[in-house]
Amino acid sequence: MDWTLLRDQAVEAMRRAYAPYSGYPVGVAGLVDDGRHVAGCNVENAAYGVTLCAECGMVSDLVMSGGGRLVAVSCVNGEGETIMPCGRCRQLLWEHGGPDCLLMTPSGVRPMTEVLPDAFGAADLDEHRAASR
Ligand code: THU
């Protein structure tokens, strides 16, 4: 796994961020299970709450470019430092990467099971549907 390449791609994405309100650009890059790379940057809005995190853009890139599963993700700030995705974005990564997806964190590479323990996901809905049949 080439974490340096993934971080470089996250930095490249970060340079395209639209973050005039926070002044905090974010970039993220992901490796897909078929070898594709996807990326995203944050896109802020004058109505602050409407802001799109970088991970939202990356997930859109993933789906638009053919789908698949994220296997590794790197997220950086304006200094190119590794940052943790916010809680909402960890949920996005769980949906499209699942428990085995690896995330570069400030404390090293960690699986999603550590980053979002006891996550709620599609399996919970499947179980509910099965039980109510
Ligand atoms: N941000 C992201 O893009 N991803 C995260 O996981 C954390 C926060 C953005 C949102 C906002 O534009 C800026 O960082 C400051 O919160």
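Below are the figures for this structure:
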item	result
Test set (1) crowded, with 18+ Cβ neighbours inside 10 Å; (2) more than 30 Å from Gly23 (Cβ to Cβ); (3) touching a residue at least 40 places away in the same chain (Cβ under 8 Å) - Gly98 fails condition number	(3)
Test result for Arg90, out of contact with any Ser or Thr (no Cβ under 9 Å at 6 or more places or on another chain), of a type in the set (D, E, K, R) and surrounded by 15 or more Cβ atoms within 10 Å (Cβ to Cβ)	yes
Residue match in the stretch 63-70 (condition: near the ligand (Cβ under 9 Å from one of its atoms) and either of a type in the set (A, V, I, L, M, F, W, C) or in contact (Cβ under 8 Å) with a residue 24 or more places away in the chain (or both))	no
Any hit, the stretch 41-54, residues being open to solvent by less than 60 Å² (accessible area, probe 1.4 Å), more than 8 Å from the ligand (Cβ to nearest atom) and outside any loop (DSSP other than H, G, I, E, B)	no
The stretch 67-85: number of residues that are farther than 14 Å from Tyr24 by Cβ and either among the β-branched types (Val, Ile, Thr) or open to solvent by 60 Å² or more (accessible area, probe 1.4 Å) (or both)	4
Hits in the stretch 96-114 (condition: farther than 13 Å from Ser74 by Cα, over 10 Å from the mean Cα position of the chain (by Cα) and not in a loop (DSSP other than H, G, I, E, B))	Thr113, Glu114
Residue check for Leu5: within 15 Å of the ligand (Cβ to nearest atom), surrounded by fewer than 19 Cβ atoms within 10 Å (Cβ to Cβ) and closer than 24 Å to Gly98 by Cα	no
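The values are calculated or read from the model by the stated rules, or taken from the named source; none is laboratory data. Everything numeric here is computed off the predicted structure, so don't read it as measured data. Note that we place each Cβ from the backbone using ideal geometry, even for glycine, and neighbour counts take in every protein chain shown. These area figures cover heavy atoms from the full protein model, side chains too; ligands, DNA and RNA do not enter into them. Shrake-Rupley method; radii C 1.70, N 1.55, O 1.52, S 1.80 Å.
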